[in-house]
């Protein structure tokens, strides 16, 4: 029975994978962060690791390198969120077997697991065959093959150590070298912002338009879309569709990412004034400006509300997840509240540069995997910040 280690910070995702793979006869183990993954790997000696791109305590490149030190032949399949395709591709270059996008199809995951395990079996067979002395060959020939195998293992371990060090240094440079920046935009009433894995999308409620920007030096507008008769106030991208909220009409729209943002479906918002949207890779979240509530939706046909939380922000306008916490922007105070993603308990309060002035009001916030992006109504700029720009306030 093949043993599979699932490394993902989301309990729901670990449970889903368990339900998909256990009936196939696999023995499923799990870990919620990098340290637990490495400890479990040493204990259970898995045949395959499914590794999420984003974990709270370690970079995925560092985890991959450490796994290869433990077992150079261990196949690792990367679980990639909607905004992590580039990172996943880099991990494959660094030795991962392949990657699969979340949310994935059941059959696609099963096929990927089967392919990875077949590779592992083939490698084991080759290794065992090479290690056995053949009757028709001299002992010297057998020793030569054994020496080559040992050298190969040493090279793999050395390479993994270099990758681990490189990943750590890259992480340090990432935090240090992302500069704060402000980008001028050709509209005035930005009301929502989102990241689609490559580009930044911004909604302007007054001119009923959604703008798509490339992340170049000029923050160029690559395309714009009219929302056909309603004021967009929040945006989220789920990997296939763009979701747009209409605060004044109490609606959440699901649209195709085509030239007209053509309609797929619409839903009544659970609160009277939906001001922001966020997709976490599994669920859509809607924020209500008037009630100060945050709603978690399942991605079913009815966009069912699975849970409701009191927001620490008086007028929540946007949120994103990093590690095990949500960051929630408050339009009234311009503060950003960090809460535990499991129970919404308060973990910290922050302010960003440019938002100490009460005349500027946050209307949206997004995370692209490296930087925070913000927008404001009445200000013709979108701002980019490294995570370290969050300045803590007294709780």
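Key figures
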{"quantity": "Some residue of the stretch 247-265 being closer than 27 Å to residue 16 by Cβ and touching a helix residue (DSSP H, G or I) at 6+ places or on another chain (Cβ under 9 Å)", "calculated": "no"}
{"quantity": "Flag for residue 312 being modelled with pLDDT of 95 or more and either assigned to a loop (DSSP other than H, G, I, E, B) or on the phi > 0 side of the Ramachandran plot (or both)", "calculated": "yes"}
{"quantity": "Verdict on residue 289 being over 21 Å from residue 238 (Cβ atoms), in contact (Cβ under 8 Å) with a residue 40 or more places away in the chain and not assigned by TED's automatic domain parsing to the domain that holds residue 59", "calculated": "yes"}
{"quantity": "Complete set of residues in the stretch 1-13 that are surrounded by fewer than 21 Cβ atoms within 10 Å (Cβ to Cβ), under 23 Å from residue 343 (Cα atoms) and touching a strand residue (DSSP E or B) at 6+ places or on another chain (Cβ under 7 Å)", "calculated": "9"}
{"quantity": "Residue among 276, 281, 271, 234 that alone is in contact with a helix residue (DSSP H, G or I) (Cβ under 9 Å, 6 or more places away or on another chain) and crowded, with 18+ Cβ neighbours inside 10 Å", "calculated": "281"}
{"quantity": "Residues of the stretch 366-395 classified as assigned to a loop (DSSP other than H, G, I, E, B) and either farther than 21 Å from residue 55 by Cα or touching a strand residue (DSSP E or B) at 6+ places or on another chain (Cβ under 6 Å) (or both), total", "calculated": "7"}
{"quantity": "Matching residues, the stretch 242-252, being part of a strand (DSSP E or B) and crowded, with 17+ Cβ neighbours inside 10 Å", "calculated": "242, 243, 244, 245, 246, 252"}
{"quantity": "Flag if residue 332 is part of a strand (DSSP E or B), outside the structural domain of residue 33 (by TED's automatic domain parsing) and surrounded by fewer than 23 Cβ atoms within 10 Å (Cβ to Cβ)", "calculated": "no"}
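The values are calculated or read from the model by the stated rules, or taken from the named source; none is laboratory data. Values in this document were obtained by computation on a predicted structure and should not be read as measured data. Virtual Cβ from ideal backbone geometry, glycine too; neighbours counted across all protein chains shown.
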